[in-house]
1. Is it true that Val44 is at pLDDT 85 or above and hydrophobic (A, V, I, L, M, F, W, C)?
2. Do we have any residue at all in region 9-31 that's surrounded by 10 or more Cβ atoms within 10 Å (Cβ to Cβ), at pLDDT 90 or above, out of contact with any helix residue (DSSP H, G or I) (no Cβ under 8 Å at 6 or more places or on another chain) and of a type in the set (Asp, Glu)?
3. Specify the residue that is nearest to Val10 (Cα to Cα); the eligible residues are those in region 20-55 that are in a loop (DSSP other than H, G, I, E, B) and touching a residue at least 12 places away in the same chain (Cβ under 8 Å).
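The values are calculated or read from the model by the stated rules, or taken from the named source; none is laboratory data. All values derive from a computational prediction rather than experimental measurement. For neighbour counting, all protein chains shown are included, and Cβ atoms are generated from backbone atoms with ideal geometry for every residue, glycine included.
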Amino acid sequence: MILDKVFYGVLDQGKGRLLVFDEPEVDDMCGPAIDTVEQVGKVVGSLYAKKVKIAQRVVL
């Protein structure tokens with residue numbers, strides 16, 4: 001069981017333990033990292049589209 005938003009911890013019912021963690025720090029890198037991955041996805045998509053276009057010309 002995970003105890004969300006009360007405190008950060010995990011209740012291990014099998015072992016009868018409550019593991020309490022420190023409050024996680026806010027990481028400001030997640031937003032820019034996700035934006036970068038989205039942009040890379042767009043680049044890969046456009047390169048694939050160009051490759052398909054070139055392949056169609058070669059076949060014709």
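1. For Val44, the condition - at pLDDT 85 or above and hydrophobic (A, V, I, L, M, F, W, C) - is met.
2. No, region 9-31 contains no residue that is surrounded by 10 or more Cβ atoms within 10 Å (Cβ to Cβ), at pLDDT 90 or above, out of contact with any helix residue (DSSP H, G or I) (no Cβ under 8 Å at 6 or more places or on another chain) and of a type in the set (Asp, Glu).
3. Selected residue: Phe21.
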